[in-house]
Amino acid sequence: MVLITIVIYFIGLLSSVFQQNHQIRLIKEYAPEKKGTVYDKKFHDVWLASCDEAEQHMIYEAAYKTFRFMNTVFSVFLTAAIIAGMFFPIGILCAIVIGLLWLIMTLYYSKETIKLENQH
């Protein structure tokens, strides 16, 4: 079962990369000024640099709204996991994982905010 799970995981991962590559190629046909390839390690930086100010603002605003939304999702799921742990024998690991992911996201956001403040 572990081998089947690993194979399915890698098939999903490769499928995701190929779909992203196809989508980027289609966007480049529509907007040839776009730069970058999904196989490049610095793809996101290159792609963002090829966007105009309005596109960059839209990306930044969407990222911030996603951050706020995920804060809500993590808090709801953490609360649900803690409450479910009171009534069902699921253990505390579920709540720890959710809390750890939330903490990582928040700490990384804070680190990047501090870094951006120090640049300006």
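Worth a mention:
- Only protein atoms count toward the accessible area here, which uses a 1.4 Å probe; on the chain, the carbon and sulfur part of that area reaches 71 percent.
- Phi angles across the range 37-52 convert, under the Karplus curve 6.51 cos²θ - 1.76 cosθ + 1.60 with θ = phi - 60°, into 3J(HN,Hα) values of 9, 5, 7, 7, 5, 9, 3, 4, 5, 5, 5, 4, 5, 7, 8, 7 Hz, Gly and Pro given as x.
- Using alpha-carbon coordinates, inclination of helix 2-30 to the longest axis of the chain, degrees: 30
- ³J(HN,Hα), Karplus 6.51/-1.76/1.60, whole Hz, each residue of the range 67-77, x for Gly, Pro: 4, 4, 4, 5, 4, 5, 4, 4, 5, 5, 5
- From phi via Karplus (6.51, -1.76, 1.60), per-residue ³J(HN,Hα) for the range 100-113 in Hz, x at Gly/Pro: 5, 4, 4, 4, 4, 4, 5, 5, 5, 4, 5, 4, 5, 5
- Note: relative contact order over the chain, using C-alpha pairs below 8 Å and six or more positions apart, is 12 percent.
- Along the axis of the charge dipole computed for the chain (Cβ charges of +1 for Lys and Arg, -1 for Asp and Glu, origin at the Cα centre), the listed residues Thr66, Ile6, Trp102 are led at the positive end by Ile6.
- Placing +1 on the Cβ of every Lys and Arg and -1 on the Cβ of every Asp and Glu, with nothing else charged, gives the chain a dipole about its Cα centre of roughly 300 debye.
- Annotation for the range 1-93: trypsin sites (Lys or Arg not before Pro) lying in DSSP loop with at most 13 further Cβ atoms inside 10 Å of their Cβ are Lys41, Lys42.
- GNM on the chain, alpha-carbon springs under 10 angstrom: the most fluctuating residue among Gly85, Gly12, Gly99 is Gly12.
- Think of a 1.4 Å ball rolled over the protein heavy atoms: the range 11-120 then has 81 Å² of accessible area per residue.
The values are calculated or read from the model by the stated rules, or taken from the named source; none is laboratory data. Since the model is a prediction, treat every value here as computed from it, not as a measurement. Because the Cβ atoms are built from the backbone with ideal geometry, glycine has one as well, and the counts that use them run over all protein chains shown. Surface accessibility is based on the protein's heavy atoms, side chains included, excluding ligands, DNA and RNA. Shrake-Rupley method; radii C 1.70, N 1.55, O 1.52, S 1.80 Å.
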